[in-house]
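Asks: Submitted below is the structure of interest, expressed as structure tokens.
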Amino acid sequence: MKFRLPYLLSAVALVAFTGHTFAQESPKYDYTEAFKPFFYPQTGTETRSASGQPGHKYWQNSADYQLNVSLNDVSNELTGSAEITYTNNSPDQLSFLWLQLDQNLFSKDSRGNAVIPIAGSRNGAKGEVFDGGYKIKSVKYNGKDVKYTITDTRMQIDLPEELKANGGVAKLKIEYAFKSPKYGSDRMGVEETKNGKIFTIAQWYPRMCVYDDVMGWNTLPYLGASEFYLEYGTLSANITVPANHYVVASGELLNEKEVYSREEISRWNTAKNSEKTVMIHPESELGKGNNSGTKTWKFKIEKARDFAWASSAAFIIDAARINLPSGKKSLAISAYPVESAGEKAWGRSTEYTKASIEHYSQKWFEYPYPAATNVAGNEGGMEYPGIVFCHRNSKGDDLWGVTDHEFGHTWFPMIVGSNERVFAWMDEGFNTFINELSTEAFNKGEYYHKQDIGKMGPFVQSDNFEQVMVGPDNMKERSIGVLAYFKPGLGLGILRENILGPEKFDKAFRTYVHRWAFKHPTPWDFFHTMENVSGEELNWFWRGWFMNKWKVDQAVKAVKPVNGDYKNGAQITVENIGQLPMPTTVLVTFKDGTTETVKLPVEVWKRNTEWTFQMDSTKEISSVSLDPKSIVPDINPKNNIWPAK
């Protein structure tokens, strides 16, 4: 999901906005607290190794879906059925099942509506009054009616007999209907255009809750701010819409000959082999063809945790080939209205989609789906397997940014299936980090602006924010952009550039992605992997940046010539004032204009609050400064320079 705040504020504005934050006295550095042992809550288990990889008896359950749905584009109502094949691979017998009913967020009496403040929120239906939520018509288990209980956005199904462990299979069929909100918590909606409505449809069918080795059933309610935690499987969908609509969706279109004209199919085949964008359904053909009755579009996606789709008579559609490292191909697709067309806007959407996915596939893990579709809707930006929704008014660098961000989510959490409901930073923060590298790589840095991280300390470490590890439902809504996206993304950048170095970091991060592809990691699995692969002790960093609100504040305390004469060298004293230590880079500038850089490892702070080292030089020193590349967010940059300014 796209959160705009971190991308709009410049470093200078951040400092100006929060410059008063640290007038109070901050706690002093305590090296025994920073580096104390027993950071990890448990040792390795059969399911999760202490090395950070899945254990030798790791298991997870799976959920396959056959979805059938019909859209009434006048009433905005969807009527459907979900046939779910649920496999219990756990060692536990299950006497009941839990499912998520996310559409119930839009019921008038939902908990999500109850927590929306008077001032409003991006979550919920933005004040729209309508009869929202699921209307459940029937629930069957193995072909027979079964007892169920609905509590807010969850459904519990009591089983007539326990579902066997280690491979027991349950078959559910749920028939339902609901009315789509026009603005569905910035994740789905209905957008009016001059050529018809655009329906962007998500959270549209009952979905299995995850049963795992960490919490058992994960049943936190959906309140709007937190996202999702889902099982993997194969999802097939038959989507019936008005005949003049074009549908794009997660996965592969199975019946193109039934829904596209012969000429459109020819264009698809051209696009599959084209580096350049090919127009499939151009503006000139909008409104032409058979406009009566309905069409059913059939799609399928494998190794996925969700399914979304979009439908409209207003869609211009274009596409181009995506080249994957293995030699396989995928297809970049864009669907947008005429209002969004043009080379300065959505006319470049397919180019952006192709570049983004090719970059991440090469650097981290190969894109696993047959297509990647970017849809212009009324969402700021929202991601699903194989398809994303971005705002139809986006253009230029904003359209690149939201497209790249939403498709970056393919890797976190679509491939690496972390628990977004609790640990939003493990998808939004990781994605924000990889977006920075992707933007630098795109078209020779067309939209890249290097961040001055050194100036961000007062903002990102403000006492006004909660800890990163606080879940999104447990922090102020205005904090989410910083704590789920910006601060963890920045932290990974610091870890890469200042602590581990790019080569060591990239190897460890890539290993994490490959280890946990299509699985369910926890923060501890990530922490363990990064330490084991890099060979470095990092608990001080996890503890300070993610678990607590520790601040970075290092200073040049003194510069003294040996025996009063620089010809004998100089002794330089630096100190760690803030609670969070960091490797320290010292730039020494001599009076003749030459410089020398000294790098102090973080280990100097394991039993010291200040450190003195000697410069063996015969030249007079004119200045000493810390962090010359401005890659560490120090809260008080004024004391980073000697002589003090």
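The values are calculated or read from the model by the stated rules, or taken from the named source; none is laboratory data. Computed from a predicted structure; not experimentally measured. FYI the Cβ positions are ideal-geometry reconstructions off the backbone, even for glycines, and counts take in every protein chain you see. To get the accessible areas, we keep the full protein, side chains included, count just its heavy atoms, and leave off ligands, DNA and RNA. Shrake-Rupley method; radii C 1.70, N 1.55, O 1.52, S 1.80 Å.
Asks: Find the residue count for region 361-406, including only residues that are in a loop (DSSP other than H, G, I, E, B), under 19 Å from Ala225 (Cα atoms) and either open to solvent by less than 10 Å² (accessible area, probe 1.4 Å) or of a type outside the set (S, T, N, Q) (or both). Show your work before the answer.
Replies: We begin by selecting, within region 361-406, every residue in a loop (DSSP other than H, G, I, E, B); these are 364-370, 378-380, 385-386, 392-395.
Add one more test, that the residue is under 19 Å from Ala225 (Cα atoms), and what stays is 378-380.
The next check asks that each one be either open to solvent by less than 10 Å² (accessible area, probe 1.4 Å) or of a type outside the set (S, T, N, Q) (or both); those that pass are 379-380.
So the count comes out to 2.
Asks: For region 173-182, state whether one or more residues are over 30 Å from the mean Cα position of the chain (by Cα), at positive phi, touching a residue at least 24 places away in the same chain (Cβ under 8 Å) and open to solvent by 70 Å² or more (accessible area, probe 1.4 Å).
Replies: Scanning region 173-182, I find no residue that is over 30 Å from the mean Cα position of the chain (by Cα), at positive phi, touching a residue at least 24 places away in the same chain (Cβ under 8 Å) and open to solvent by 70 Å² or more (accessible area, probe 1.4 Å), so the answer is no.
Asks: Cβ contacts < 8 Å: first residue farther than 18 Å from Ala313 by Cα and assigned to a helix (DSSP H, G or I), restricted to region 248-272; second residue of a type in the set (Val, Ile, Thr) and open to solvent by less than 70 Å² (accessible area, probe 1.4 Å), any location; separation 6+ or different chain. Result?
Replies: Pairs that qualify, where the first residue is farther than 18 Å from Ala313 by Cα and assigned to a helix (DSSP H, G or I) and the partner is of a type in the set (Val, Ile, Thr) and open to solvent by less than 70 Å² (accessible area, probe 1.4 Å), are Lys257/Ile265; Arg267/Val278; Arg267/Ile280; Trp268/Ile280; Thr270/Val278; Ala271/Thr277; Ala271/Val278; Ala271/Ile280.
Asks: Do we find that Gly535 is open to solvent by 10 Å² or more (accessible area, probe 1.4 Å) and over 22 Å from Asp627 (Cβ atoms) in this structure?
Replies: On the way: open to solvent by 10 Å² or more (accessible area, probe 1.4 Å): yes; over 22 Å from Asp627 (Cβ atoms): yes.
Judged against the criteria, Gly535 is a match.
Asks: Restricting attention to region 610-645, which residues are free of Cβ contacts under 8 Å to residues at least 40 places away in the same chain, open to solvent by 60 Å² or more (accessible area, probe 1.4 Å) and not in a loop (DSSP other than H, G, I, E, B)?
Replies: Trp611, Lys638
Asks: Right, another one. Residue by residue through region 79-102, note down the ones that are among the hydrophobic types (A, V, I, L, M, F, W, C) and either open to solvent by less than 10 Å² (accessible area, probe 1.4 Å) or touching a His at 6+ places or on another chain (Cβ under 6 Å) (or both).
Replies: As a first pass, look at region 79-102 and keep what is among the hydrophobic types (A, V, I, L, M, F, W, C): 82, 84, 94, 96-99, 101.
The answer is Ala82, Ile84, Leu94, Leu97, Leu99, Leu101.
Asks: Just checking, does region 514-526 include any residue being charged (D, E, K, R), more than 22 Å from Thr585 (Cα to Cα) and open to solvent by less than 10 Å² (accessible area, probe 1.4 Å)?
Replies: The answer is yes; a qualifying residue exists.
Asks: Mind counting the residues in region 588-609 that are aromatic (Phe, Trp, Tyr) and in a strand (DSSP E or B)? Show your work before the answer.
Replies: As a first pass, look at region 588-609 and keep what is aromatic (Phe, Trp, Tyr): 590, 605.
Checking which are in a strand (DSSP E or B) leaves us with 590.
Counting residues in region 588-609 that are aromatic (Phe, Trp, Tyr) and in a strand (DSSP E or B) gives 1.
Asks: Is there a residue being open to solvent by less than 60 Å² (accessible area, probe 1.4 Å), over 30 Å from Asp506 (Cβ atoms) and in a loop (DSSP other than H, G, I, E, B) anywhere in region 576-586? I'd like the intermediate steps shown before the answer.
Replies: First, the residues of region 576-586 that are open to solvent by less than 60 Å² (accessible area, probe 1.4 Å): 576-586.
Now restrict to residues that are over 30 Å from Asp506 (Cβ atoms): 577.
Now drop any that are not in a loop (DSSP other than H, G, I, E, B), which leaves 577.
Yes, that holds for at least one residue.
Asks: Out of Pro282, Pro242, which single residue is touching a strand residue (DSSP E or B) at 6+ places or on another chain (Cβ under 8 Å), surrounded by fewer than 17 Cβ atoms within 10 Å (Cβ to Cβ) and of a type outside the set (D, E, K, R)?
Replies: Values: Pro242 fails: surrounded by fewer than 17 Cβ atoms within 10 Å (Cβ to Cβ).
Among Pro282, Pro242, only Pro282 is touching a strand residue (DSSP E or B) at 6+ places or on another chain (Cβ under 8 Å), surrounded by fewer than 17 Cβ atoms within 10 Å (Cβ to Cβ) and of a type outside the set (D, E, K, R).
Asks: Restricting attention to strands (runs of 3 or more DSSP E) lying wholly within region 294-350, give those where 3 or more residues are surrounded by fewer than 18 Cβ atoms within 10 Å (Cβ to Cβ) and touching a residue at least 12 places away in the same chain (Cβ under 8 Å).
Replies: Values: elements: 294-304, 309-312, 316-323, 329-336.
In region 294-350, the matching strands (runs of 3 or more DSSP E) lie at 294-304.
Asks: Among the residues of region 252-271, is there at least one that is within 25 Å of Val74 (Cα to Cα), among the charged types (D, E, K, R), open to solvent by 70 Å² or more (accessible area, probe 1.4 Å) and modelled with pLDDT of 95 or more?
Replies: Looking only at region 252-271, we keep the residues that are within 25 Å of Val74 (Cα to Cα), and these are 258-260.
Filter again for among the charged types (D, E, K, R), leaving 258.
Then keep just the ones that are open to solvent by 70 Å² or more (accessible area, probe 1.4 Å); that gives 258.
So of that shortlist, the ones also modelled with pLDDT of 95 or more come out as 258.
Within region 252-271 (the criterion being within 25 Å of Val74 (Cα to Cα), among the charged types (D, E, K, R), open to solvent by 70 Å² or more (accessible area, probe 1.4 Å) and modelled with pLDDT of 95 or more), the answer is yes, since at least one residue qualifies.
Asks: Would you point out the residue of region 204-226, among those that are outside any strand (DSSP E or B) and open to solvent by less than 10 Å² (accessible area, probe 1.4 Å), that is nearest to Ser292 (Cα to Cα)? Reasoning before the result, please.
Replies: At the first step, the residues of region 204-226 found to be outside any strand (DSSP E or B) are 204-206, 209-210, 213-215, 218-226.
Remaining after also requiring open to solvent by less than 10 Å² (accessible area, probe 1.4 Å): 204-206, 209-210, 222, 224, 226.
On the way: Trp204: 25, Tyr205: 27, Pro206: 31, Cys209: 39, Val210: 42, Tyr222: 38, Gly224: 37, Ser226: 40 Å.
That would be Trp204.
Asks: Taking strands (runs of 3 or more DSSP E) that do not extend beyond region 73-173, which have at least 1 residues that are charged (D, E, K, R) and under 30 Å from Ser312 (Cα atoms)? Can you show your working first?
Replies: On the way: elements: 77-88, 94-100, 135-141, 148-151, 154-163.
Filter on region 73-173 gives 77-88, 135-141.
Asks: Could I ask something else about it? How many of the residues in region 51-72 are open to solvent by 50 Å² or more (accessible area, probe 1.4 Å) and farther than 17 Å from Phe299 by Cβ?
Replies: Initially, region 51-72 is screened for residues open to solvent by 50 Å² or more (accessible area, probe 1.4 Å), giving 53, 56-57, 64, 66, 70, 72.
Narrowing further to those that are farther than 17 Å from Phe299 by Cβ: 53, 56-57, 72.
Number of matching residues: 4.
Asks: Just one of the numbered conditions (1) surrounded by 15 or more Cβ atoms within 10 Å (Cβ to Cβ); (2) over 30 Å from the mean Cα position of the chain (by Cα) is not true of Gly287; which one?
Replies: It is condition (1) that Gly287 fails.
Asks: Would you check if there is a residue in region 549-561 being open to solvent by less than 10 Å² (accessible area, probe 1.4 Å), under 30 Å from Asp212 (Cα atoms), within 24 Å of the chain's Cα centre (by Cα) and in contact (Cβ under 8 Å) with a residue 40 or more places away in the chain?
Replies: no
Asks: Would you confirm whether or not region 594-607 contains a residue that is open to solvent by less than 40 Å² (accessible area, probe 1.4 Å), of a type in the set (S, T, N, Q) and touching a residue at least 24 places away in the same chain (Cβ under 8 Å)?
Replies: Initial filter on region 594-607 (open to solvent by less than 40 Å² (accessible area, probe 1.4 Å)): 598, 600, 602, 604-605.
Then drop every residue that is not of a type in the set (S, T, N, Q), which leaves none.
Scanning region 594-607, I find no residue that is open to solvent by less than 40 Å² (accessible area, probe 1.4 Å), of a type in the set (S, T, N, Q) and touching a residue at least 24 places away in the same chain (Cβ under 8 Å), so the answer is no.
Asks: Any idea which residue in region 437-458 is farthest from Asn640 (Cα to Cα), counting only those that are in contact (Cβ under 8 Å) with a residue 60 or more places away in the chain and open to solvent by 70 Å² or more (accessible area, probe 1.4 Å)?
Replies: Once the filter is applied, the top-ranked residue is Asn443.
Asks: Would region 462-470 turn up any residue that is without any contact (Cβ under 8 Å) to a residue 40 or more places away in the chain, closer than 23 Å to Met530 by Cα, under 21 Å from the mean Cα position of the chain (by Cα) and open to solvent by 20 Å² or more (accessible area, probe 1.4 Å)?
Replies: For region 462-470, residues without any contact (Cβ under 8 Å) to a residue 40 or more places away in the chain, closer than 23 Å to Met530 by Cα, under 21 Å from the mean Cα position of the chain (by Cα) and open to solvent by 20 Å² or more (accessible area, probe 1.4 Å): present.
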